[in-house]
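Participant: What follows is a single structure, and I will ask about it in a moment.
The values are calculated or read from the model by the stated rules, or taken from the named source; none is laboratory data. Note that the structure is a prediction, hence the values are computed from the model and not measured. Please note: Cβ atoms are built from the backbone with ideal geometry, for glycine as well, and neighbour counts cover all protein chains shown.
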Amino acid sequence: MFMTGNDCSPMHTPGSDTTAGDGLPVLLPRSQHSISRQHINEHTLKVLYRLRRSGFQAFLVGGGVRDLLLGRQPKDFDVGTDATPEQVRQLFRNCFLVGRRFRLAHVRYADNYVVEVATFRRQPKPEELPENPEEHFFFAENVYGTPQEDAFRRDFTINALFYNIDDFSVIDYVGGLEDLAARRLRVIGDPATRFAEDPVRMLRALEFAARLGFSLDEATREAIYRAAPLIAEAAPARIREELLELFRHQVGGAVLRQAQAMGLLPHLLAGYEGDDETFALLEQLDGRTASGIPIQEPFVLAALFLSRFRQLCCPPQEATVSDALRTANLLLNSICGYFRIAQGSRAAARELLTGFFRLSGGRGRRGEGRFLRHPVWSQAMQLLQLWVAATGEGQELLAAWQEMGGAASPASPAAPGRPGTAGRRRRRPRRRKKPAAQTEKRPSDS
Ligand code: ATP
Ligand code: MG
């Protein structure tokens with residue numbers, strides 16, 4: 001494990017002020033931390049070394065350093081440098097510049113591995129900002145700076161640590177090492193200001209705290225309570241991506257539960273409010289993802305609305321399938337419209353809910369044979385399984401359906417794809433009668 005604060009080499013200034021207010025970073029030499037080059041992806045190492053040999057600074061930055069120091073497997077490795085994107089492009093034949101909002105260099109390798117290289121940024125001074133306030137965010141994303149300035153524009157202290165390929169030291173400008181040791185998530189700078197700059201950081205704070213099992217620093221927590229409504233101003237496309245990220249990391253249930261407790265959820269999800277059963281269901285869904293089943297957006301959507309859907313149209317004795325369809329549509333439409341979710345996902349979520357409705361009606365109903373052959377059956381069974389595990393309700397119902405072949409094993413989900421198409425027997429196309437005039441026409445006539 002790394003050593004922090006006062007354990008550092010005396011040539012540097014760890015101090016008790018974890019914000020490094022004196023301007024000097026805490027430097028952890030190679031002998032005092034656990035990051036080895038063996039843990040770093042080979043392509044990333046090549047990029048770091050080539051940048052360095054070309055006279056630029058080259059650091060491993062962001063989540064990669066954080067995760068390696070925690071002994072976790074990083075999801076990916078990002079590189080920070082003082083080379084501009086254009087200079088990076090000139091150094092690597094396999095480099096492409098990407099990002100309209102945040103200009104980045106992607107160095108691509110044959111095995112599809114991409115090393116993301118970002119030029120050090122800084123917060124612009126107020127007098128540098130364009131006149132139109134709407135352009136501020138975009139402008140601020142692309143002002144280049146020093147490594148220290150780059151550390152301070154990042155979101156959380158534990159996400160702002162640098163690993164220097166030159167001497168293998170870890171550089172900490174912001175008190176991230178102390179926070180890692182204390183397992184604490186802390187915003188860099190004044191949380192209220194940083195959340196106002198980019199409200200998505202509130203969601204990221206909950207995400208990282210849940211993923212790493214860290215506590216939220218008190219000032220960060222209080223600022224989320226106060227700034228929660230601001231998240232409604234963030235671009236829905238970004239929120240949607242961050243939400244899916246939560247479920248990919250198997251913390252969707254825990255984070256949304258906390259988001260509700262902190263007053264963030266309705267602003268995040270266009271007025272949505274969850275109940276206990278929903279959060280328990282989402283936690284079960286996270287468990288399913290942890291067992292190796294990739295997350296699918298329709299499944300998340302169906303799980304978000306299942307509890308409400310059940311209240312409105314189960315038990316099915318009092319409702320028809322068209323009632324169920326209408327209710328599913330009603331529940332899904334506003335959120336799908338807000339996030340511009342494609343019709344295919346919307347329809348798949350609706351089918352899952354109506355599949356659940358048909359399962360709730362029990363065995364022996366009309367059309368059971370057809371339903372059992374329908375690909376949604378297996379997915380709806382998985383939803384029912386998760387619901388039973390989350391609430392303890394419906395065990396007998398589940399057992400009765402499982403007698404039909406137990407196809408709802410979570411390890412064998414129905415193939416994702418367009419709803420109602422996979423696995424269905426193809427009908428032979430009906431032969432069309434040719435119109436009389438054409439049947440008489442010979443090729444030579446044309
Ligand atoms: P992981 O990749 O494991 O999800 P990460 O920390 O690498 O975690 P990314 O979303 O890949 O997260 O972002 C990389 C880095 O960019 C972060 O570690 C952080 O330093 C910085 N960053 C990302 N989003 C923001 C933001 N909204 N505001 C400030 N800095 C950010
Ligand atoms: Mg990352």
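Participant: Out of Ser345, Ser322, Ser334, which single residue is touching a helix residue (DSSP H, G or I) at 6+ places or on another chain (Cβ under 6 Å) and part of a helix (DSSP H, G or I)? Working first, answer last.
Facilitator: Numbers: Ser322 fails: touching a helix residue (DSSP H, G or I) at 6+ places or on another chain (Cβ under 6 Å); Ser334 fails: touching a helix residue (DSSP H, G or I) at 6+ places or on another chain (Cβ under 6 Å).
Answer to the check: Ser345.
Participant: Which condition number does Phe371 fail, the rest of (1) at pLDDT 85 or above; (2) touching a Phe, Trp or Tyr at 6+ places or on another chain (Cβ under 7 Å); (3) hydrophobic (A, V, I, L, M, F, W, C) being met?
Facilitator: (1)
Participant: Filtering region 35-71 down to residues that are within 14 Å of ligand 2 (Cβ to nearest atom) and farther than 21 Å from Ile188 by Cβ, which residue is surrounded by the most Cβ atoms within 10 Å (Cβ to Cβ)?
Facilitator: Thr44
Participant: Taking Arg108 as the residue in question, decide whether it is over 22 Å from Arg238 (Cβ atoms) and over 26 Å from the mean Cα position of the chain (by Cα). Steps first, please.
Facilitator: On the way: over 22 Å from Arg238 (Cβ atoms): yes; over 26 Å from the mean Cα position of the chain (by Cα): no.
Answer is no for this residue.
Participant: Please verify whether region 280-303 includes one or more residues that are of a type in the set (S, T, N, Q), within 16 Å of ligand 1 (Cβ to nearest atom) and at negative phi. Spell out the reasoning first.
Facilitator: Going residue by residue through region 280-303, those that are of a type in the set (S, T, N, Q) are 284, 289, 291, 296.
Of the ones still in play, those that are also within 16 Å of ligand 1 (Cβ to nearest atom) are 289.
Now narrow it down to the ones that are at negative phi: 289.
Yes, because at least one residue in region 280-303 is of a type in the set (S, T, N, Q), within 16 Å of ligand 1 (Cβ to nearest atom) and at negative phi.
Participant: I'm told Leu203 meets every condition in (1) buried (at least 20 other Cβ atoms within 10 Å of the Cβ); (2) more than 16 Å from ligand 2 (Cβ to nearest atom) except one. Can you identify the failing condition by its number?
Facilitator: If we test Leu203 against (1) buried (at least 20 other Cβ atoms within 10 Å of the Cβ); (2) more than 16 Å from ligand 2 (Cβ to nearest atom), just (2) comes out false.
Participant: Considering only region 345-368, state which residues are surrounded by fewer than 19 Cβ atoms within 10 Å (Cβ to Cβ) and modelled with pLDDT of 90 or more.
Facilitator: Ala347
Participant: Tally time: how many residues in region 185-200 are crowded, with 20+ Cβ neighbours inside 10 Å and either under 13 Å from Thr157 (Cβ atoms) or in contact with a strand residue (DSSP E or B) (Cβ under 6 Å, 6 or more places away or on another chain) (or both)?
Facilitator: So the count comes out to 6.
Participant: Out of all the residues in region 88-112, which are more than 13 Å from ligand 2 (Cβ to nearest atom), touching a strand residue (DSSP E or B) at 6+ places or on another chain (Cβ under 7 Å) and of a type in the set (A, V, I, L, M, F, W, C)?
Facilitator: Selection gives Val88, Phe92, Cys95, Phe96, Leu97, Val98, Ala105, Val107.
Participant: Moving on. From the list Pro124, Pro147, Pro85, which residue is touching a residue at least 60 places away in the same chain (Cβ under 8 Å), surrounded by 15 or more Cβ atoms within 10 Å (Cβ to Cβ) and away from ligand 2 (no atom under 15 Å from the Cβ)? Can you show your working first?
Facilitator: Values: Pro124 fails: touching a residue at least 60 places away in the same chain (Cβ under 8 Å); Pro85 fails: touching a residue at least 60 places away in the same chain (Cβ under 8 Å).
So the residue among Pro124, Pro147, Pro85 that is touching a residue at least 60 places away in the same chain (Cβ under 8 Å), surrounded by 15 or more Cβ atoms within 10 Å (Cβ to Cβ) and away from ligand 2 (no atom under 15 Å from the Cβ) is Pro147.
Participant: Looking only at region 50-67, which residues are away from ligand 1 (no atom under 11 Å from the Cβ) and either in contact (Cβ under 8 Å) with a residue 40 or more places away in the chain or closer than 15 Å to Ala181 by Cβ (or both)?
Facilitator: Initial filter on region 50-67 (away from ligand 1 (no atom under 11 Å from the Cβ)): 50-59.
If the condition is that a residue be away from ligand 1 (no atom under 11 Å from the Cβ) and either in contact (Cβ under 8 Å) with a residue 40 or more places away in the chain or closer than 15 Å to Ala181 by Cβ (or both), then Arg50, Leu51, Arg52, Gln57, Ala58, Phe59 are the ones that fit.
Participant: Take the conditions modelled with pLDDT of 95 or more, surrounded by fewer than 22 Cβ atoms within 10 Å (Cβ to Cβ), within 22 Å of Arg240 (Cα to Cα) and more than 16 Å from ligand 2 (Cβ to nearest atom) and apply them to Ala227. Does it pass?
Facilitator: Details: modelled with pLDDT of 95 or more: yes; surrounded by fewer than 22 Cβ atoms within 10 Å (Cβ to Cβ): yes; within 22 Å of Arg240 (Cα to Cα): yes; more than 16 Å from ligand 2 (Cβ to nearest atom): yes.
In short, yes.
Participant: Checking Asp276 against (1) modelled with pLDDT of 95 or more; (2) touching a helix residue (DSSP H, G or I) at 6+ places or on another chain (Cβ under 7 Å), only one condition comes out false. Which one?
Facilitator: (2)
Participant: While we're here: If you check Tyr173 against the conditions, is it modelled with pLDDT of 95 or more, over 21 Å from the mean Cα position of the chain (by Cα) and within 16 Å of ligand 2 (Cβ to nearest atom)?
Facilitator: Values: modelled with pLDDT of 95 or more: yes; over 21 Å from the mean Cα position of the chain (by Cα): yes; within 16 Å of ligand 2 (Cβ to nearest atom): no.
It is false that Tyr173 is modelled with pLDDT of 95 or more, over 21 Å from the mean Cα position of the chain (by Cα) and within 16 Å of ligand 2 (Cβ to nearest atom).
Participant: Filtering region 132-144 down to residues that are free of Cβ contacts under 8 Å to residues at least 24 places away in the same chain and loosely packed, with under 15 Cβ neighbours inside 10 Å, which residue is nearest to Val79 (Cα to Cα)?
Facilitator: Ranking the qualifying residues of region 132-144, first place goes to Phe139.
Participant: So which of Glu241, Glu297, Glu233 ends up being within 16 Å of ligand 2 (Cβ to nearest atom) and acidic (Asp, Glu)? Quick ask: steps written out before the conclusion?
Facilitator: Working: Glu297 fails: within 16 Å of ligand 2 (Cβ to nearest atom); Glu233 fails: within 16 Å of ligand 2 (Cβ to nearest atom).
Testing whether each residue is within 16 Å of ligand 2 (Cβ to nearest atom) and acidic (Asp, Glu) leaves just Glu241.
Participant: Across region 148-179, which residue is nearest to Thr44 (Cα to Cα) among those that are in contact with a Lys or Arg (Cβ under 7 Å, 6 or more places away or on another chain), part of a helix (DSSP H, G or I) and among the charged types (D, E, K, R)?
Facilitator: In this case the residue turns out to be Asp150.
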